[in-house]
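Below: the structure, in structure tokens.
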Amino acid sequence: MKQPGARNRPAATRAHPVLADVDGHGRLDLEDAARRITARTKAVVAVHLWGLPEDMDALESFADQHELMLLEDGSHAHGATWNGRMTGTFGTAAAFSLNGPKPLSAGEGGFVATDDTELYYRVLLHGQYNKRCRREIPTGHPLARFAVTGMGLKLRIHPLAAALARSQLTRLGHHLTGRQEIAGRMCAALDSVPGIRVPHVPVSARPSWYALPLRYEPAELGGLPLARFLDAVRAEGATEADRPGSTCPLGTHPLFRAPGALLPGYADRQGPTTDDFPAAGHVHATTFKLPVWHREADTHLADAYTAAITKVASHAKDLL
Ligand SMILES: Cc1ncc(COP(=O)(O)O)c(C=O)c1O
């Protein structure tokens with residue numbers, strides 16, 4: 001049955017992303033998510049931010065309870081595990097970015113992991129066309145007739161980039177062990193520093209640490225603003241200490257708030273207001289992040305970063 005307003009929705013998927021707030025740790029707030037479910041809700045997405053896996057026990061039962069498809073965004077979390085199981089293997093499908101300094105990087109590109117054959121054919125037709133679609137979608141399948149054109153898009157990764165990422169797979173486990181050791185060392189050094197909260201890592205989680213997110217408590221440092229604190233930390237040489245930029249409450253992006261100007265299919269879309277996500281706003285306003293290294297030889301860099309933060313925190317009153 002045609003839904004009201006369907007003609008105004010984008011032709012490709014007719015999907016509308018619905019945002020929900022986070023809890024105090026920056027994880028999806030499942031109570032808030034539950035309030036936003038309607039009869040038309042199809043899926044819930046677990047985003048393993050900074051490489052720290054979401055609580056997949058809770059998300060799996062949430063998806064079961066509400067009869068939703070579970071999807072994952074593992075773009076920060078290649079090789080990270082929850083209860084010993086890799087992120088990307090919980091959902092019906094998972095998207096992974098391979099761009100920039102991701103734990104597994106191809107320079108640019110990404111991939112989808114799924115064990116659902118029907119979905120796989122649709123993913124193929126979305127990103128590829130012709131040869132690979134003709135080779136992989138069985139001739140008798142109802143979607144096979146679209147193989148030559150796919151969906152009219154070409155979104156596939158450059159083969160050289162895919163080869164670069166693939167060649168790193170044998171080293172990924174070793175790199176992640178190194179990242180976990182160095183992140184653990186940084187957390188131990190910062191655990192008792194006033195004004196700084198290290199991330200809470202549940203016992204079930206083995207993170208990949210795309211970056212180390214730290215929470216800032218200005219009240220413990222005489223109200224010193226985070227921006228001023230970070231300027232001082234960078235002046236100590238920890239130049240990559242930074243606040244998350246685009247990784248912010250998604251409702252603040254015009255693409256979600258007022259997409260109609262860019263995407264006519266969403267012209268009738270009333271986007272969320274930033275007031276809808278108070279916890280996400282607070283988590284973002286009080287988070288800064290550090291790089292995490294994987295080589296033992298780089299331990300001195302991690303130590304220099306934690307020393308810079310410790311020094312600035314101990315001199316906070318001089319910066320007011
Ligand atoms: C959590 C998350 N998901 C998805 C993406 C999109 O990845 P890409 O730019 O490779 O499409 C990013 C980008 O870095 C990200 O941080």
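The values are calculated or read from the model by the stated rules, or taken from the named source; none is laboratory data. Everything numeric in this text was worked out from a predicted model, so none of it was measured. Methodologically, a virtual Cβ is constructed for each residue, glycine included, from the backbone with ideal geometry; neighbour enumeration extends over all protein chains shown. Each accessible area value is taken on the protein alone, full model and side chains, heavy atoms only, with ligands, DNA and RNA left out. Shrake-Rupley method; radii C 1.70, N 1.55, O 1.52, S 1.80 Å.
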Of the residues Arg132, Arg179, Arg145, Arg156, which single one is within 30 Å of Trp50 (Cα to Cα) and without any contact (Cβ under 8 Å) to a residue 60 or more places away in the chain?
-> Arg156
Which numbered condition Leu68 fails, given (1) more than 12 Å from the ligand (Cβ to nearest atom); (2) within 21 Å of Ala183 (Cβ to Cβ); (3) out of contact with any helix residue (DSSP H, G or I) (no Cβ under 6 Å at 6 or more places or on another chain) = (2)
Quick one: would you say Asp29 is touching a Phe, Trp or Tyr at 6+ places or on another chain (Cβ under 7 Å), touching a residue at least 40 places away in the same chain (Cβ under 8 Å) and farther than 26 Å from Pro101 by Cβ?
-> no
Within segment 256-272, considering residues that are open to solvent by less than 70 Å² (accessible area, probe 1.4 Å) and within 13 Å of Leu19 (Cβ to Cβ), the one farthest from the chain's Cα centre (by Cα) = Arg269
Of all residues making up segment 218-275, the number that are among the basic types (Lys, Arg) and more than 25 Å from Asp32 (Cβ to Cβ) = 2
When only residues in segment 86-102 that are more than 10 Å from the ligand (Cβ to nearest atom) and part of a loop (DSSP other than H, G, I, E, B) count, which is nearest to His158 (Cα to Cα)?
-> Gly88
Output the residue which, of all residues in segment 217-241 that are part of a loop (DSSP other than H, G, I, E, B) and open to solvent by less than 10 Å² (accessible area, probe 1.4 Å), is nearest to Lys289 (Cα to Cα).
-> Ala241
Going through segment 121-157 in order, the residues found to be touching a Gly at 6+ places or on another chain (Cβ under 6 Å), closer than 25 Å to Tyr210 by Cβ and not β-branched (Val, Ile, Thr) are Leu155, Arg156
Quick one: in segment 284-303, of everything that is open to solvent by 30 Å² or more (accessible area, probe 1.4 Å) and part of a helix (DSSP H, G or I), which residue is nearest to Leu49 (Cα to Cα)?
-> His284
Here are some residues: Gly173, Gly107, Gly127, Gly195. Which one is of a type in the set (Gly, Ala, Ser) and modelled with pLDDT under 95?
-> Gly127
When only residues in segment 11-63 that are surrounded by fewer than 15 Cβ atoms within 10 Å (Cβ to Cβ) and in a helix (DSSP H, G or I) count, which is farthest from the chain's Cα centre (by Cα)?
-> Arg35
Kindly establish whether Gly107 is within 16 Å of the ligand (Cβ to nearest atom), closer than 30 Å to Leu176 by Cβ, open to solvent by 30 Å² or more (accessible area, probe 1.4 Å) and within 18 Å of the chain's Cα centre (by Cα).
-> yes
Among the candidates Ala313, Ala302, Ala279, which residue alone is touching a residue at least 60 places away in the same chain (Cβ under 8 Å), of a type outside the set (S, T, N, Q) and in contact with a Lys or Arg (Cβ under 8 Å, 6 or more places away or on another chain)?
-> Ala302
Which of the residues belonging to segment 72-85 are of a type outside the set (Val, Ile, Thr), away from the ligand (no atom under 11 Å from the Cβ) and surrounded by fewer than 22 Cβ atoms within 10 Å (Cβ to Cβ)?
-> Gly79, Asn83, Gly84, Arg85
May I ask you to list the residues in segment 165-203 that are of a type in the set (S, T, N, Q) and closer than 22 Å to Leu104 by Cα?
-> Ser167, Gln168, Thr170, Thr177, Gln180
Does Gly150 satisfy being assigned to a loop (DSSP other than H, G, I, E, B), more than 13 Å from the ligand (Cβ to nearest atom), in contact with a helix residue (DSSP H, G or I) (Cβ under 6 Å, 6 or more places away or on another chain) and not hydroxyl-bearing (Ser, Thr, Tyr)?
-> yes
Could you check, for segment 159-166, whether at least one of its residues is more than 20 Å from Pro207 (Cα to Cα) and part of a loop (DSSP other than H, G, I, E, B)?
-> no
What single numbered condition from (1) part of a helix (DSSP H, G or I); (2) surrounded by fewer than 16 Cβ atoms within 10 Å (Cβ to Cβ) fails to hold for Gly281?
-> (2)
